[in-house]
Amino acid sequence: MTNKEPVYITGHIHPDTDSIASAIAYAFFKRAMGVRAIPCRLGPVNAESAYLLKRFGFEEPMLLTDARVKLSDITLDPVSCIREDATIFECLKLMEKEKRTYQGVVDESMHLVGLITKSDIAAVGLGDTAYNIDLIKKIELDNICQTLDGTIVYREDRMHLNGKVSMLAMADRTRIEQYELSDRIVIVGDDSEAQKTAIKKGAGLLILVWAENVSEDVLSAAKENHCPIIISGHGAMNTSRYIYFATSVREIMKRDIVTFNIFELAADVGNKMLRSRYHIYPIVDSEKKLCGYAARYHIMTSKNKQIIMVDHNEFAQSVRAIEEARVLEVIDHHRISDFSSTQPVSFRNEIVGSTATIVATIFRENQIPVPQNLAGLLLGALLSDTMNFHSPTTTDKDRQTANILAAMADLDIEEFAKEMFAVTADTTGKTYTEMLNQDMKIYDIHECKLAISQVIVQTTEQVRNDGVEIQAAVESFCRKKRLDLAILVFSSIIDNGSVVFYGGNRSAWAEEAFPNKEGEEHSFQVGLLSRKQQILPRITDVINIYS
């Protein structure tokens, strides 16, 4: 049975290739199992990920900014609207057709300009006629004709109305002479003498009922007195009623209305709704274009987002407000840290070098075929996270899985790795501040706020030559992020090691974890490649000593 609610599959913040590829691949797997799965990212993709996505024909996953439900995540009442120059009668018919008690009023670009409800229309139809005088003054001849299903017999651009209506359909000429009809809409029957009398007494508009045509002498009188004539398609009673609905909706719509943005959090919207008593609220985008409608029940019935975490299990590394989401699964190869749940969770954590290895294994376990391009993407993620098998986190399972994926994708592992790491190691045009941000993870260890950023380079020689500039960037980054310690690691697969820079008020701890050779600064650390198994454990051991 297909899950109707979307399930968002996401890696960690500052996503690397393993995080992006695993989200895409596992979403593919879940969709094959009948789940409405959506791959997500929590930040911009790096150059390596962008290269692999383009090479294998994948779009960037959607950006997920918050685990809480937004209005855009809720099934709203769909857009239904009317233009402000439409008549009240048209609006009422649309309400009846769509079984709604409201309509948004929009301009030609779908910008919301007002809202009209049946209560607004009821005030016109049921209120004292004195209320409608100002409305009738502004009425247009074509709108009246359309509303009455009528025919314009004589059009007069110089129509003069004072907003009052007289219904004299049954009256004869003698009685009509007793009424004040100047500038009024006058409803009369099929009596040419009564029609001429009404016109000569100054009627602003003559509406005929029970009539099929107009005599020539009546037309002559109408032209002489500038009085337009309409033959109504209804009887006297309905004609008199419908006239009041021939006014355009702009005259009665509410302009000062409560609206919400489509990207607002549902919980915040619910709180705001409690401060008003409207039964419906238009939802607009950032340009004020109408997107739909929400009522209180939309908020009350909304559910928290369903999320599957891949390539991480720490809430600090996940999407904002992850603790308010329904976490369904975790697929990861990192240490288990601060994860907790109020309900059972499928938790798969394996000692392998890449989450892509686990995801590829899940495909095989369930006998789900892996498309060729997806196999290539997973292989790229596996090679990236294991640094082409140079990382100490690499296992035999990673190597076996890589061979299987390479066969599926028809790729030579060594040639593919060279091409991919040439892109990864290209830092042309990037500032050191950008490098600090591109693959950064933040940890809280015994109240020490620590950031570790890792950058892959072809060789560390140039890095050591730029030591002063890099050190200044790390110190500035540490202050801006309010960190106790920031560590920037430049790793070279070719050189089989890394150069480490660090800043902050706990720099001495990093110096102890990554000691320099005598007389050197930022010495080359042979064999130091893995953030998970080498860099983080070393600094953690030192922090534990002093905390």
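The values are calculated or read from the model by the stated rules, or taken from the named source; none is laboratory data. On a predicted model such as this, the values are computed, not experimentally measured, just so you know. All Cβ positions, even for glycine, are placed from backbone atoms using ideal geometry, and neighbour counts span all protein chains on display. Just so you know, the surface numbers come from the protein's heavy atoms only, side chains and all, with ligands and any DNA or RNA stripped out. Shrake-Rupley method; radii C 1.70, N 1.55, O 1.52, S 1.80 Å.
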Using 0.36 nm times the number of residues separating D107 and K288, minus their current alpha carbon distance, what extension gain do you get? 64.1 nm
Pop a pseudo-label 7 angstrom from the Cα along the beta-carbon direction at both S182 and N349 and give the gap in nm to one decimal. 9.2
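Could you calculate the FRET efficiency of E511 with S340 from 1/(1 + (r/R0)^6), where r is the beta carbon distance between them and R0 is 35 Å, rounded to 0.05? Show your work: numbers first, answer last.
Details: r = 35 Å, r/R0 = 0.99.
Given R0 = 35 Å and the Cβ-Cβ separation, E is 0.50.
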From a point 7 Å beyond the Cα of R399 in the direction of its Cβ, which residues of the stretch 341-372 have a backbone N at a distance under 16 Å? 352-354
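List the trypsin sites (Lys or Arg not before Pro) within the stretch 407-492 that DSSP assigns to loop and that have no more than 11 neighbouring Cβ atoms inside 10 Å.
In loop regions of the stretch 407-492 (DSSP not H, G, I, E or B), the sparsely surrounded trypsin sites (Lys or Arg not before Pro) are R482.
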So, in Å, what gap is there between the alpha-carbon centers of the stretch 38-85 and the stretch 398-425? 29
Highest mean first, how do 381-387, 8-14, 242-248 rank when packing is the count of other Cβ atoms within 10 Å averaged over residues? 381-387, 8-14, 242-248
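Got a sec? What order do D157, D332, D484, D149 fall in by accessible area at 1.4 Å, biggest, i.e. largest, first? All intermediate terms of the calculation are to be shown ahead of the outcome.
Values: D157 145, D332 0, D484 40, D149 105 Å².
From most accessible down to least: D157, D149, D484, D332.
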Report relative contact order for the stretch 295-407 in percent, whole number only (criteria: Cα-Cα under 8 Å, sequence separation at least 6). 21
For the stretch 367-388 versus the stretch 104-165, the gap between their alpha-carbon centres in whole angstrom: 65
Can you bin the stretch 146-226 into rounded, prolate or oblate? Criterion: square roots of the alpha carbon gyration tensor eigenvalues sorted a ≥ b ≥ c, rounded for a/c under 1.5, prolate for a/b above b/c, oblate for the rest. rounded
Using mean Cβ contacts within 10 Å as the protection proxy, how do 350-363, 119-132 order, highest first? 350-363, 119-132
Enter the angle in degrees (range 0 to 90, nearest 10) between the Cα long axis of helix 413-424 and the first principal axis of the Cα atoms of the chain, meaning the one along which they spread out most. 70
Where labels lie 7 Å past Cα in the beta-carbon direction, separation of E251 and R482 in nm: 5.9
Taking R0 as 35 Å, what FRET efficiency do you get between K97 and E193 from their Cβ-Cβ distance, rounded to the nearest 0.05? 0.25
Please list, by residue number, every one of the GluC sites (Glu not before Pro) in the stretch 398-467 that is coil in DSSP and has at most 13 other beta-carbon atoms within 10 Å. E447
For the pair Y297 and A316, the simple spin-label estimate (label points 7 Å beyond Cα toward Cβ) gives in nm 4.5
Relative contact order as a percentage, the stretch 263-360, C-alpha pairs under 8 Å and 6+ apart, gives 19
Report the gain in length on full extension from R241 to R55: 0.36 nm times residue separation, minus Cα-Cα distance, nm rounded to one decimal. 60.2 nm
If each part is reduced to its alpha-carbon centroid, the stretch 463-509 and the stretch 315-338 end up apart, in Å, by 27
For the S547, N213 Cβ pair and Förster radius 60 Å, calculated FRET efficiency rounded to 0.05 is 0.05
How much length would be gained if the chain were fully extended between S220 and N366, taking 0.36 nm per residue of separation minus their Cα-Cα distance, in nm to one decimal? 43.7 nm
The chain - percent relative contact order, Cα under 8 Å, separation 6 or more: 14
Restricting to DSSP H runs of at least four residues, report the calculated mean residue ellipticity at 222 nm for the chain, -39500 (n - 2.57) per run over all residues, nearest 500 deg cm²/dmol. -10000 deg cm²/dmol
